[in-house]
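Bear in mind that the values in this text are calculations on the coordinates, not laboratory data. As the structure is a prediction and not an experimental result, all values here were calculated from the model. Cβ: placed from backbone, ideal geometry, glycine included. Neighbour counts: every protein chain shown.
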Amino acid sequence: MSSKDLRCRSNDYDNDKTTQFNVQAGSVISLWWEKDSKSLVSTTNTAIAPLGPCTVYMAGYESSGEGPQWFNVYKNGYVRGNWCSQTINNKNGGRLDVRIPFDIIEGMYLLRAEIIDLTNSGKSNWEDYTQGPAFFVNCVKVFVYSDGAVVPSGDYIPGIYTMDDPSFYGNFTESPSEEYVVPGPSEYFPITQIAL
């Protein structure tokens with residue numbers, strides 16, 4: 001929970017070498033998970049796909065993700081009988097659509113996408129890497145064209161999750177519930193923005 005690898009899979013991620021995408025504020029960006037070691041998430045074999053929620057965060061690019069920069073723009077847990085990860089893999093062909101807030105200030109951002117695998121969340125020995133939740137994270141560089149002026153308040157990554165968060169403990173994949181609370185800060189959502 002305290003590793004910088006939680007930020008952008010930092011041990012092998014380089015801001016300067018990542019692909020840049022240009023988007024209009026308020027538009028929808030599609031993130032893809034594919035069966036490819038170089039895709040947005042590295043463990044992508046859909047036959048053994050993780051089961052759990054998805055989150056997407058953004059931070060100012062110049063910060064390199066350091067400090068309280070990360071604001072949540074998307075979170076989805078267990079809805080209509082499917083985990084977010086299942087919806088991506090089984091219904092959307094590997095695609096996750098996320099709307100960029102229409103009112104954020106123009107500029108370059110890091111966009112961090114994550115699937116949290118809860119398959120082993122019923123096990124509490126986190127020192128054994130095969131137990132507890134698993135975080136599949138990566139970042140892309142996004143330039144947002146915008147007339148907006150909002151700089152949403154942010155949080156630290158690492159820092160958004162704690163070891164005692166009840167969203168990480170339980171047999172969630174065996175007994176899923178739509179009452180499941182996706183961990184982490186609340187989503188930044190402009191009042192007049194249309195939800196997906």
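Other residues lying with their Cβ under 9 Å from the Cβ of P53 contribute a combined charge of 0, Lys and Arg counting +1, Asp and Glu -1.
Segment M108..D147, full-extension length gain: 12.7 nm, with 0.36 nm per residue of separation and the alpha-carbon distance subtracted.
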